[in-house]
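The values are calculated or read from the model by the stated rules, or taken from the named source; none is laboratory data. Computed from a predicted model, the values in this text were never measured in an experiment. Cβ: placed from backbone, ideal geometry, glycine included. Neighbour counts: every protein chain shown. Surface areas here come from the heavy atoms of the whole protein model, side chains and all, with no ligands, DNA or RNA. Shrake-Rupley method; radii C 1.70, N 1.55, O 1.52, S 1.80 Å.
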Amino acid sequence: MKKDIIIAGVGGQGIVSIAAVIGYASVEVGLFLKQSEVHGMSQRGGEVYSHFRLSDKEIASDLIPHGKADLIISVEPMEALRYMPMLNSEGWVITNTTPFINIPNYPEVEKVISEIKKYTRNITVDADKIAKVLKSPKSANIVILGCASPYLGLEYGKLENAIKLLFGRKGEDVVNANLAALKAGREYKNK
Amino acid sequence: MRITTRLAHSHSSVNTSEQKAQNQIKTPEDSIQYVLLPSNARKRYKKLLASQPSLEEESENSGYNKFVDGKDKSLGIIVSGIAYNYLLENFDGGEIPFPFIKISQYPLPKKMIEKLCDECNEIMVIEEGYPLIEESISGLLGRGIKVRGRFDGSIPRDGELNPNIVAQALGLETLQSNPVSDIIVGRPPSLCDGCPHADTFRAINEAMAEHSKGRNFSDIGCYTLGALPPYQSINSCVDMGASITMAKGAADAGLLPSISVIGDSTFTHSGITGLLDAVNDKSPITIFILDNYTTAMTGGQFSPANGRIEEICKGVGVEAEHIRIIEPLKKNHNDNVRIIKEEVAYNGVSVIIPRRECVVTLTQKSKEKKKAKQ
Ligand SMILES: Cc1ncc(C[n+]2csc(CCOP(=O)(O)OP(=O)(O)O)c2C)c(N)n1
């Protein structure tokens, strides 16, 4: 078992939480993992991404080689497109369709989405909308993770455990909101 | 350990074992060991040099530096740090056909390296960051065995390594990958919506518009983003503390007016000494201490001078009437510009404190309050 995942988005969209949930779940089942991310300045509205590698064997490189990622999970459509050169020929891209427009020259959203759809293995979902319906607009990141959940090679229950572990400190409401977001994403994918 | 960017940004699961007890408190037997009076410093340096052979010995034999043999002697590889991970990645974590040395301990293991050079036609050094190992083994003249790496262009002279760069250097095939879509644009970091620093920079820019550019010496913090559009307000950021001191240097050298911006947290770290120096010399500079009540850039930690910045400035000797507090808000813009102009015109040290809470910590606090009420 080996999964190389790019997690992408804009600073503040919660990509660190996505990585943490996958990370906790992998540690629970005893997989090897390596993660490398860009922090710091990028947290303020800049592009952020994380290289995330899971395997049942020891992992060598902290960075995924170009063209070797199995999955791109993105909370923002243009950020998904940015990392396409990382994806392998069998890879899936799973992305939010709600753009985060904080720059004057953001391309036309329809064009971005149609570029993504050129790749047959894509799942595009309006995670912001789903999160709003669930009355927890901040959990769009976990909705996306829910959509990606069948591709991670991890049991769904382990992701739920990881959410309880990660958000437990913030109280039961936050845990439940994120569990609901995960489920909604998973169900969207199954539809 | 040689810390590099990628190493600092990587994590992985680790195996834990029982924590060791803290060492016993023990003062040095030689009570002036750490007193570097010249006479003592000379003695200590001799001692350091005398320990070199045993360190070299350790380096060859400790097991941290490894010589791993390989069949293909056309190339010998010297690799260190995270570059080793990239090397392994290119052979799927399996056997590497070339003999190689993995460096994990200094000084460099001379005998091991000599053996590698004797056996192989060429040497390639793969290391993250500056080519330190490469430079030390190829020497100034680079005569003798051919050493490849960052200097001969086998590996780019600058920038981070990655598995693909290492593959290319070794002449291995790299995968064809998807093209980069040409509609993508860059997304540089920016100040948050509603950030107090933004209003401060707008006011500074207007107040300084009548002077030529290049006079604002800044420090490190969120406000360093004031270098980028749309503000383009600051002209330097070197290290913590190099703001007030550089403005003073510029003013002393005749660049008038010179101004400086520094965050409240960085001010306590290394701004106060420079301020004292400016006060002593009555240097005509205007210093902005950007008080957002927090250490925003590193995640909102406590700011050590919280509530005492004016007192510290007064204590250091800044005249009370030249310590001005402004509230960086759009509605105060004209007043703030006027105050800045007044202080910039003053022929001595002025401190302006733009004071308004960081929007990130403010939102966090209001959320916590809401939760407490529930
Ligand atoms: C010597 C050193 N230590 C630590 C850091 C990390 N660091 C970056 S910015 C910063 C402080 C920022 O706080 P402040 O000056 O109050 O500005 P703000 O981000 O709140 O605007 C620190 C500690 C550094 N750059 N240099």
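Under 5 Å between amide hydrogens, which residues at least 5 positions from B:ILE103 or on another chain qualify, with H placed 1.01 Å from N in the peptide plane?
When sequence neighbours closer than 5 places are left aside, the close amide H contacts are B:VAL79, B:SER80, B:GLY81.
Please check: in the Gaussian network model of chain B (C-alpha springs, under 10 Å), which one of B:ILE325, B:ILE25, B:ILE287 has the largest mean-square fluctuation.
The residue with the greatest mean-square fluctuation here is B:ILE25.
To one decimal place, what Kirkwood hydrodynamic radius in Å is obtained for region A:2-187 from all pairs of distinct Cα atoms?
Numbers: mean 1/r = 0.0613 Å⁻¹.
This gives a value of 16.3 Å.
Rolling a 1.4 Å sphere over the protein heavy atoms, what is the accessible area per residue of chain A, to the nearest Å²? Provide the component values of the computation, followed by the final result.
Numbers: 7950 Å² over 191 residues.
In whole numbers, chain A has 42 Å² accessible per residue.
What does the average come to when, for each residue of peptide A:177-185, you count the partner chain Cβ atoms lying within 10 Å of its Cβ? Show your work: numbers first, answer last.
Working: counts 0, 0, 0, 0, 0, 0, 0, 0, 0.
Across the residues of A:177-185, the mean count of other-chain Cβ atoms within 10 Å is 0.
For region B:169-181, just list the computed ³J(HN,Hα) in residue order, Karplus coefficients 6.51, -1.76 and 1.60, θ = phi - 60°, integers in Hz, with x standing in for Gly and Pro.
Couplings: 4, 8, x, 7, 5, 10, 5, 5, 10, 4, x, 7, 5 Hz.
Under a Cβ-only charge scheme (Lys and Arg +1, Asp and Glu -1), can you give me the dipole magnitude of the protein assembly as shown about the Cα centre, in debye to the nearest 20?
Details: 66 positive and 67 negative charges, 239 e Å.
About 1140 debye.
Run through the DSSP bridge list for region B:62-174 and note the antiparallel percent, rounded to the nearest 5.
On the way: 3 of 15 bridges.
Antiparallel bridges: around 20 percent, rounded to the nearest 5.
In nm, to one decimal, how far is the B:GLU342 label point from the A:ASN122 one, both placed 7 Å along Cα→Cβ?
5.9
Zone of A:ASP56 (label point 7 Å along Cα→Cβ, backbone N under 13 Å): which residues in region B:1-42?
Flagged as within label range: none.
When a/c is below 1.5 the answer is rounded, else prolate if a/b is larger than b/c, else oblate, so apply that to chain B with a ≥ b ≥ c taken from the square roots of the Cα gyration tensor eigenvalues. It would help to have the intermediate numbers written out before the result.
On the way: a/c = 2.15, a/b = 1.74, b/c = 1.24.
Prolate is the answer for chain B, as a/c is 1.5 or above and a/b outweighs b/c.
Mind grabbing the interface size between A and B? I mean buried accessible area, both sides, 1.4 Å probe, in Å² to the nearest hundred. Walk me through the numbers before you get to the answer.
On the way: alone 9630 and 23210 Å², together 29270 Å².
Buried area between the two chains comes out at roughly 3600 Å².
Given a 1.4 Å probe and the protein chains all in place, what does the accessible area of B:LEU36 round to, in Å² to the nearest 10?
Result for B:LEU36: roughly 120 Å² accessible.
Let me confirm one metric for peptide A:66-74, namely the mean number of other chain beta-carbon atoms within 10 Å of its residues' beta-carbons. Each step should come with its number before you reach the end.
Numbers: counts 9, 6, 5, 1, 0, 0, 0, 0, 0.
So the per-residue partner count for this stretch is 2.
Which order do the peptides B:265-272, B:333-340, A:71-78, B:174-181 take when ranked by the mean count of other beta-carbon atoms within 10 Å per residue, highest first? Could the numbers behind the result be given before it?
On the way: B:265-272: 22.1, B:333-340: 17.4, A:71-78: 27.1, B:174-181: 13.9.
Per-residue Cβ counts within 10 Å, averaged per peptide and sorted highest first, yield A:71-78, B:265-272, B:333-340, B:174-181.
Relative contact order (percent) for region A:2-187, with alpha-carbon contacts under 8 angstrom and 6 or more residues of separation? If you can, show how the numbers build up before the last one.
Numbers: 361 pairs, mean separation 40.2, N = 186.
RCO, region A:2-187: 22 percent.
So who's got an amide H within less than 5 Å of the one on A:TYR49, skipping anything under 5 residues away but keeping other chains? H placed 1.01 Å off N, in plane.
So A:TYR49 has HN proximity to A:VAL38.
Give the residue from B:ASN347, B:SER243, B:PRO229 lying farthest towards the positive end of the charge dipole for region B:196-361; charges sit on Cβ (+1 for Lys and Arg, -1 for Asp and Glu) and the dipole is referred to the Cα centre.
B:PRO229
Residue by residue, what Karplus-based ³J(HN,Hα) values in Hz, rounded to whole numbers, does region A:4-17 have, using 6.51, -1.76 and 1.60 with θ = phi - 60° and x for Gly and Pro?
Using θ = phi - 60°, the values come out as 10, 10, 9, 10, 9, x, 10, x, x, 8, x, 6, 5, 5 Hz.
Can you put B:ASP193, B:ASP72 in order of accessible area, largest first, using a 1.4 Å probe?
Values: B:ASP193 150, B:ASP72 60 Å².
Final ranking, largest accessible area leading: B:ASP193, B:ASP72.
Per residue, how much accessible area does region B:62-174 have with a 1.4 Å probe, in Å²? Could the numbers behind the result be given before it?
On the way: 5680 Å² over 113 residues.
Spelled out: the 1.4 Å probe surface of region B:62-174, per residue, equals 50 Å².
At 0.36 nm per residue, and after removing the present C-alpha to C-alpha distance, how many nm does the segment from B:ARG2 to B:GLU114 gain when stretched out fully? Working shown, then result.
Details: separation 112, 0.36 × 112 = 40.32 nm, distance 2.32 nm.
Here the answer is 38.0 nm.
Roughly what percent of Cα-Cα pairs across region B:112-203 reach past 24 Å? Walk me through the numbers before you get to the answer.
Numbers: 2038 of 4186 pairs.
Tail of the P(r) past 24 Å holds 49 percent of the pairs.
Given the Cα-Cα distance of B:THR273 and B:ASN121 and 0.36 nm per residue of separation, how much length would full extension add, in nm? Walk me through the numbers on the way to the answer.
Working: separation 152, 0.36 × 152 = 54.72 nm, distance 5.61 nm.
Going from the current span to full extension adds 49.1 nm.
For B:ARG324, which sequence-distant residues (separation of 5 or more, or a different chain) have an amide H within less than 5 Å of its own amide H, given hydrogens modelled in the peptide plane?
Placed amide hydrogens put B:VAL351, B:ILE352, B:ILE353 under 5 Å from B:ARG324.
Hey, with R₀ at 35 Å, roughly what FRET efficiency would B:ASN40 and B:VAL238 work out to, going by the Cβ-Cβ distance, to 0.05? Before the final figure, lay out the partial values.
Details: r = 33 Å, r/R0 = 0.94.
The calculated FRET efficiency here is 0.60.
Which of the listed residues, B:ILE204, B:ILE220, B:LEU256, is farthest toward the dipole's positive end in region B:196-361, when Lys, Arg count +1 and Asp, Glu count -1 at the beta-carbon?
Towards the positive end, the residue furthest out is B:ILE204.
Counting only DSSP beta bridges with both residues in region A:17-141, what percent are antiparallel, rounded to the nearest 5? Mind dumping the intermediate values first?
On the way: 6 of 15 bridges.
In region A:17-141, approximately 40 percent of DSSP beta bridges are antiparallel ones.
Tally the DSSP beta bridges in the protein assembly as shown and give the antiparallel ones as a percent, rounded to 5. All intermediate terms of the calculation are to be shown ahead of the outcome.
Values: 22 of 64 bridges.
DSSP beta bridges in the protein assembly as shown are roughly 35 percent antiparallel.
Accessible area of chain B with a 1.4 Å probe: how many percent of it is carbon plus sulfur? Let's see the in-between values first.
On the way: 11390 of 21320 Å².
Whole-percent figure for carbon plus sulfur exposure: 53.
Among rounded, prolate and oblate, which fits the protein assembly as shown when a ≥ b ≥ c are the square roots of the eigenvalues of its C-alpha gyration tensor, a/c under 1.5 means rounded, and a/b larger than b/c means prolate? Before the final figure, lay out the partial values.
Values: a/c = 1.79, a/b = 1.11, b/c = 1.61.
Oblate.
Given all pairs of different Cα atoms, what value in angstroms does the Kirkwood hydrodynamic radius of region B:62-174 take? Kindly include the intermediate steps, with their values, before the conclusion.
Values: mean 1/r = 0.0715 Å⁻¹.
Kirkwood radius, region B:62-174: 14.0 Å.
Measure off 7 Å from each Cα along the Cα-to-Cβ vector at B:SER17 and B:LYS331, then give the distance between these two points in nanometres to one decimal.
Here the modelled spin labels are 6.4 nm apart.
Quick one: Cα centre-to-centre distance for region B:82-143 and region B:211-252, in angstrom?
41
How large is the accessible surface per residue of region B:216-305, computed with a 1.4 Å probe and reported in Å² as a whole number? Can you show the working numbers first?
Numbers: 3330 Å² over 90 residues.
Heavy-atom accessible area per residue stands at 37 Å².
When the dipole is taken about the Cα centre of region B:257-333, and only Lys, Arg (+1) and Asp, Glu (-1) are charged at their Cβ, what size is it in debye, to the nearest 20? Don't skip to the answer; put the middle values down first.
Working: 6 positive and 9 negative charges, 45 e Å.
I would put it at about 220 debye.
Return the distance in nm (one decimal) between the two label points of a simple spin-label model at B:HIS211 and B:HIS9, each offset 7 Å from Cα along Cα→Cβ.
3.6
Order B:150-160, B:121-131, A:26-36 from most to least packed using the mean count of other Cβ atoms within 10 Å.
Numbers: B:150-160: 14.2, B:121-131: 20.5, A:26-36: 18.5.
The most tightly packed comes first, giving B:121-131, A:26-36, B:150-160.
May I ask you to evaluate 6.51 cos²θ - 1.76 cosθ + 1.60, the Karplus curve with θ = phi - 60°, for each residue of region A:143-151 and list the ³J(HN,Hα) values in order in whole Hz, giving x for glycine and proline?
Rounded to whole hertz, the list is 4, 4, 4, x, 4, 7, 4, x, 9.
Return the FRET efficiency for the residue pair B:LYS371, A:ASN176: r is the Cβ-Cβ distance, R0 is 22 Å, and the value is rounded to the nearest 0.05. Please report the intermediate quantities before stating the final value.
On the way: r = 15 Å, r/R0 = 0.67.
The formula returns an efficiency of 0.90 here.
Given a 1.4 Å probe and every protein chain left where it sits, what share in percent of the accessible area of chain A is carbon and sulfur? Don't skip to the answer; put the middle values down first.
Values: 4190 of 7950 Å².
Carbon-and-sulfur percentage of accessible area, whole number: 53.
About its Cα centre, how strong a charge dipole does region B:62-174 have in debye, to the nearest 20, once Lys and Arg get +1 and Asp and Glu get -1 at the Cβ? Before the final figure, lay out each step's value.
Working: 12 positive and 17 negative charges, 88 e Å.
Charge dipole of region B:62-174: 420 debye, to the nearest 20.
Can you classify region B:196-361 as rounded, prolate or oblate using the Cα gyration tensor, where a ≥ b ≥ c are the square roots of its eigenvalues, rounded means a/c under 1.5, and otherwise it's prolate if a/b beats b/c and oblate if not? Intermediate values should be presented prior to the final figure.
Numbers: a/c = 1.30, a/b = 1.10, b/c = 1.18.
Judged from the Cα gyration tensor, region B:196-361 comes out rounded (a/c under 1.5).
Tell me, in nm to one decimal, what length is gained between B:GLU357 and B:ALA227 on full extension, where the rule is 0.36 nm per residue of separation less the Cα-Cα distance? Could the numbers behind the result be given before it?
Working: separation 130, 0.36 × 130 = 46.80 nm, distance 2.12 nm.
Using 0.36 nm per residue and subtracting the Cα-Cα distance, I get 44.7 nm.
Looking only at other chains, what is the average number of their beta-carbon atoms within 10 angstrom of each beta-carbon in B:4-12? Please list the in-between numbers first.
Details: counts 0, 3, 6, 2, 2, 9, 8, 8, 9.
Mean partner shielding for this stretch: 5.
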